């Protein structure tokens, strides 16, 4: 079964929460990081960024010797016989050292610069890097569509928008 991707509205909220998580991590407010990542993981349980920040926060809390009460996930409030808290759910998770290969080449993947992978063109084309294929990306800021090597998807900026970033840093573009 193909995992469901969050809608654009939910993805925008997740991105805003990830920005808050990043600020909290910069301030070393690990309790807030745990609360915010629990909310993100309720909406998208496989969010790699949230899992990474959550792992960082848990490691920092363990290293400091403090054990603040951990935020509960939505599963903890249900009336199931087994109550799952983020503590019990995260025993299965460890801080990822490297993302799984191929995560960004999945159709529907959105990178941190808000570029969505629409998949391979039909017919598929060879990329410019060794052993790479071209994927079609869609910019959520300006609706531009363009091709990129599979190895570049996770970090790509839109060719139309990246110039706007250099010209006006206060703009809404990436």
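The values are calculated or read from the model by the stated rules, or taken from the named source; none is laboratory data. A quick note: this is a predicted structure, and the numbers were derived from the prediction, not measured. Cβ: placed from backbone, ideal geometry, glycine included. Neighbour counts: every protein chain shown.
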Please enumerate the residues belonging to region 158-174 that are part of a loop (DSSP other than H, G, I, E, B) and modelled with pLDDT under 90. 160, 161, 168, 169, 170, 171, 172, 173, 174
Matching residues, region 4-24, being surrounded by 16 or more Cβ atoms within 10 Å (Cβ to Cβ) and more than 17 Å from residue 112 (Cα to Cα): 24
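Hey, does region 90-104 have a residue that's modelled with pLDDT under 85, surrounded by 15 or more Cβ atoms within 10 Å (Cβ to Cβ) and outside any strand (DSSP E or B)? Talk me through it step by step, then tell me what you get.
Start the filter on region 90-104 by keeping residues that are modelled with pLDDT under 85, which leaves 90-104.
In the following step, the residues that additionally are surrounded by 15 or more Cβ atoms within 10 Å (Cβ to Cβ) were identified as 90, 104.
Those still in the list that are outside any strand (DSSP E or B) too: 90, 104.
Yes, there is a match, as at least one residue in region 90-104 is modelled with pLDDT under 85, surrounded by 15 or more Cβ atoms within 10 Å (Cβ to Cβ) and outside any strand (DSSP E or B).
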